[in-house]
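First the structure, in the form of structure tokens, and then the observations on it.
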Amino acid sequence: MPLTLASRDGATPVAEDLTRAPLSVRGLTVAYAEKPAVFSVDMTIAPGRMTAIIGPNGAGKSTLLKACLGIIPRVSGQVQIFGQSLEAARGRLAYVPQRASIDWDFPARVIDVVLMGLSRELGLLRRVRASHRDRALACLDRVGMRDFAERQIGQLSGGQQQRVFLARALVQEADLYLLDEPFAGVDAATEKAIISVLKDLRAQGRTVVVVHHDLATVPEYFDDVFLIATRKIAEGSVDTTFTADNLQTAYGGRLAMAQLDRVAG
Amino acid sequence: MLWHALSLQLGYNATLVAIGATLLGLSCGAAGTFLFLRKRALVSDAISHATLPGVAIAFLVMVALGGDGRWLPGLLIGSALSAWAGLWVLNRFVARTRLSEDAAIGAVLSVFFGFGVVLLTVIQSLGTGRQAGLEGFLLGSTAGMLYQDALIIAGGGVLTLLALLLIRRPMLAVSFDPDYAAARGVPVARVDMAMMVLVMCVTVVGLKIVGLILIVALLIIPSVTARFWSEQADRVVLLAAAAGGLSGYVGAAISASAPNLPTGPIIVLVSFALFVLSLLLAPGRGVLASVLGQMAFRREVHLRQGLLALAQNQPVYEPLTRRLLRRAGLTRADGVATEAGQAQAAKALRDEARWQIARADPAHDSIAVLYDGLRAIETVLTPDQIAEIDRRIGAPQAVTP
């Protein structure tokens with residue numbers, strides 16, 4: 001049996017069409033206190049598809065996403081968005097953080113939060129016009145939160161808050177959407193609302209990447225999966241990649257065999 | 001001259017001041033550490049500024065009663081009462097309104113201080129001729145320090161240290177995890193209050209030497225200095241006391257060794273110098289150590305990634321990786337692996353493959369979480385276990401250059 005590894009260690013020769021991928025990562029290593037949480041990961045996200053980043057707890061899923069966004073520094077490796085540097089492509093990507101550690105008592109209404117998504121468009125001095133407001137309201141409508149526009153954000157339930165943050169990303173009209181565990185701790189109605197919005201985005205040709213923890217819903221929600229456990233375990237379409245073998249490699253003993261059978265049968 | 005000062009040979013007053021400043025530094029450093037660990041360091045700034053109206057009112061009262069307005073014990077009692085009032089208002093604000101503590105501190109600090117300044121101005125305009133010296137409480141003034149003054153400062157400092165010693169356990173418990181402390185029956189609110197009262201005591205005691213504006217520096221700087229050197233709370237307290245005492249002693253000596261050097265500010269500058277030294281040089285938490293550690297870590301990551309790329313016959317893209325491989329003698333100038341490079345690359349790839357097997361095996365579940373791309377597999381598995389894994393992988397592979 002020849003030695004083969006899933007990851008290719010920052011050395012993947014990048015073909016011309018791949019460099020224009022919505023998100024491509026090469027040899028990425030990210031560390032907390034001198035211990036790598038993500039080691040030498042290559043990732044190429046295909047355009048117009050929904051990709052789930054999955055892996056066990058502490059596997060570096062959120063870390064990978066945050067490093068792609070430049071929120072945390074990388075030790076080595078390169079990240080390109082649509083073939084450009086992160087800075088050049090900022091305007092084309094939208095991020096929905098894990099239910100944020102924000103101050104819920106902050107004096108901001110739902111509509112104000114959504115308007116924050118327009119910060120790049122508004123710059124420092126441009127006025128918020130009725131057209132901006134209408135766009136923000138339309139986005140709230142898409143996540144079923146239009147009636148809450150005037151509420152202070154702390155008065156919403158967890159699921160409602162999550163939908164507002166999704167609306168803030170929608171109003172950016174980005175080409176690449178990165179979401180960090182959007183379904184964690186939300187009610188069923190919110191999960192349904194979010195997934196239908198994400199599917200709409202895909203229908204418009206946009207690319208959606210989701211850090212996801214619920215293996216049971218992967219085949220139903222996503223086209224592609226990216227399996228990570230510090231290193232890349234596998235990437236590809238759900239049909240070929242979301243297999244019991246790959247899950248076993250990623251999760252080791254932390255996933256019962258019965259669970260494996262049920263999920264990827 | 002400085003030597004004379006350090007060996008307490010500059011005369012009576014300088015010696016009194018040096019001893020007082022040392023004791024004050026000791027107790028400030030120790031008391032301040034608990035505040036710092038409780039993450040309420042700035043409360044001390046509110047407390048110290050709130051002493052000013054009390055000093056002024058005590059002066060007015062003593063003059064009105066026909067006494068000497070500058071009698072130190074009277075002034076200190078006045079300052080303690082008004083600091084207490086400031087603390088009470090602060091706690092009310094935080095408990096009863098949605099104001100956060102930092103905003104409440106700002107409000108209490110400025111209002112009390114402003115009121116105190118107004119009272120000082122009034123006293124000045126009274127023109128009784130006896131008011132001279134109250135401004136000394138702002139930045140400290142040690143020129144006319146009396147034996148009794150020194151005794152009060154020394155006594156207050158020692159009493160505070162004893163009290164700290166007595167209740168250090170509950171204070172640390174509350175600082176670390178107030179909920180757990182409460183569950184164990186520690187009266188959290190009362191411990192917090194005791195902590196603040198102790199800080200109030202050292203503040204009041206320090207008014208004469210360091211002054212109310214700068215006392216906060218002596219409470220906070222020694223504790224952050226000490227934090228660089230230890231990961232154990234009680235050692236941090238001791239080190240902070242030592243740093244504070246040393247600052248007090250050296251600062252007082254320096255200020256005595258030349259005319260017109262203000263004692264309080266010099267003490268603060270000395271303690272800041274200790275802080276800067278610690279910030280740069282402390283092992284582990286210091287800037288130098290962490291920069292060097294980061295650089296070594298970065299090298300390790302790049303080398304490992306480079307070796308894995310070599311082993312899989314892939315070009316290395318990152319310039320830093322290429323440079324490190326070449327410098328370590330693992331590749332030639334044209335990027336081709338040397339003999340040593342081939343050997344190490346083969347080992348790296350083999351280890352990686354071993355890890356892949358080990359991590360997928362439920363039997364090795366407990367070690368799977370230890371994988372981080374760098375850790376050598378020999379540190380988590382026995383030779384027997386590795387040999388077993390090797391049997392599953394197959395014979396070693398040669399790496400072609």
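The values are calculated or read from the model by the stated rules, or taken from the named source; none is laboratory data. The model shown is predicted, which means the values in this text are computed figures rather than measured ones. Cβ coordinates were reconstructed from backbone atoms using ideal geometry, including for glycine residues, and neighbour counts include every protein chain displayed. Note: accessible area is taken over every heavy atom of the protein model, side chains too, but ligands, DNA and RNA are not part of it. Shrake-Rupley method; radii C 1.70, N 1.55, O 1.52, S 1.80 Å.
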Check: Looking at B:Gly144, B:Gly155, B:Gly114, which is the one that is surrounded by fewer than 20 Cβ atoms within 10 Å (Cβ to Cβ), part of a loop (DSSP other than H, G, I, E, B) and of a type in the set (Gly, Ala, Ser)?
Finding: B:Gly144
Next item on the list: Please work out if B:Gly264 is in contact (Cβ under 8 Å) with a residue 60 or more places away in the chain, under 19 Å from B:Ile221 (Cβ atoms) and surrounded by 15 or more Cβ atoms within 10 Å (Cβ to Cβ).
Entry: yes
Checklist line | Flag for B:Leu8 being farther than 30 Å from B:Asp192 by Cβ and outside any helix (DSSP H, G or I) | finding: yes
Item checked: The listed residue being of a type in the set (Lys, Arg) and open to solvent by less than 30 Å² (accessible area, probe 1.4 Å), out of A:Lys61, A:Lys66 -> A:Lys61
Next item on the list: For region B:28-43, indicate whether the set of residues that are open to solvent by 40 Å² or more (accessible area, probe 1.4 Å), assigned by TED's automatic domain parsing to the domain that holds B:Ala243, among the aromatic types (Phe, Trp, Tyr) and in contact (Cβ under 8 Å) with a residue 12 or more places away in the chain is non-empty.
Entry: yes
Next item on the list: Could you identify the single residue in B:Val380, B:Val301, B:Val316 that is surrounded by 13 or more Cβ atoms within 10 Å (Cβ to Cβ), closer than 30 Å to B:Ser230 by Cα and facing another protein chain (nearest Cβ under 9 Å)?
Entry: B:Val301
Check: Do you know which residues across region B:304-313 are within 13 Å of A:Gly27 (Cα to Cα) and either of a type in the set (A, V, I, L, M) or open to solvent by 20 Å² or more (accessible area, probe 1.4 Å) (or both)?
Finding: B:Arg304, B:Leu307, B:Leu308, B:Ala309
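Being hydrophobic (A, V, I, L, M, F, W, C), open to solvent by less than 10 Å² (accessible area, probe 1.4 Å) and either at pLDDT below 90 or at negative phi (or both) narrows it down to one of A:Ala52, A:Ala37, A:Ala31, A:Ala88, so name that one.
Answer to the selection: A:Ala52.
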Notebook entry, point to check: more than 7 Å from chain A (Cβ to nearest Cβ) and either among the β-branched types (Val, Ile, Thr) or open to solvent by 30 Å² or more (accessible area, probe 1.4 Å) (or both): does that describe B:Gly341?
Noted result: no
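Please go through region A:46-88 and pick out each residue that is in contact with a His (Cβ under 7 Å, 6 or more places away or on another chain) and away from every other protein chain (no Cβ under 14 Å).
Kept after step one, since they are in contact with a His (Cβ under 7 Å, 6 or more places away or on another chain), are these residues of region A:46-88: A:52-54, A:76.
Selection gives A:Ala52, A:Ile53, A:Ile54.
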Check: Which members of region A:196-218 meet the condition of being modelled with pLDDT of 95 or more and touching a helix residue (DSSP H, G or I) at 6+ places or on another chain (Cβ under 6 Å)?
Finding: A:Val197, A:Val208, A:Val211
Checklist line | Scope region B:257-273; condition within 13 Å of B:Ile209 (Cα to Cα) and either in contact with a strand residue (DSSP E or B) (Cβ under 9 Å, 6 or more places away or on another chain) or assigned to a helix (DSSP H, G or I) (or both); matching residues | finding: B:Thr263, B:Gly264, B:Pro265, B:Ile266, B:Ile267, B:Val268
Note to self: Looking at B:Asp68, B:Asp149, can you tell me which residue is over 16 Å from B:Ala46 (Cα atoms), at pLDDT below 90, charged (D, E, K, R) and outside any helix (DSSP H, G or I)?
What the structure shows: B:Asp68
Next item on the list: Specify which of the listed residues (B:Ala328, B:Ala258, B:Ala311, B:Ala282) is touching a residue at least 24 places away in the same chain (Cβ under 8 Å), closer than 23 Å to B:Thr15 by Cα and among the aliphatic types (A, V, I, L, M).
Entry: B:Ala258
Item checked: Top-ranked residue of region A:11-28 - restricted to ones that are of a type in the set (A, V, I, L, M) and within 24 Å of A:Arg90 (Cβ to Cβ), ranked as modelled with the lowest pLDDT -> A:Val14
Next item on the list: Taking B:Val291 as the residue in question, decide whether it is more than 9 Å from chain A (Cβ to nearest Cβ) and under 40 Å from the mean Cα position of the chain (by Cα).
Entry: yes
Next item on the list: Have a look at A:Leu137, A:Leu118, A:Leu93, A:Leu124 and point out the one that is open to solvent by 80 Å² or more (accessible area, probe 1.4 Å) and not β-branched (Val, Ile, Thr).
Entry: A:Leu124
Next item on the list: Give A:Ala184, A:Ala188 a once-over and let me know the one that is more than 17 Å from the chain's Cα centre (by Cα) and under 24 Å from A:Gly55 (Cα atoms).
Entry: A:Ala188
Checklist line | Residue list for region B:357-377, restricted to those being closer than 15 Å to B:Arg304 by Cβ, open to solvent by 20 Å² or more (accessible area, probe 1.4 Å) and either modelled with pLDDT under 85 or of a type outside the set (Lys, Arg) (or both) | finding: B:Leu374, B:Ala376
Checklist line | Subset of region B:12-27 that is open to solvent by 10 Å² or more (accessible area, probe 1.4 Å) and out of contact with any Ser or Thr (no Cβ under 8 Å at 6 or more places or on another chain) - its residue that is modelled with the lowest pLDDT | finding: B:Tyr12
Checklist line | Selection count, region B:230-256, where residues are of a type in the set (A, V, I, L, M, F, W, C) and either touching a strand residue (DSSP E or B) at 6+ places or on another chain (Cβ under 7 Å) or not in a helix (DSSP H, G or I) (or both) | finding: 0
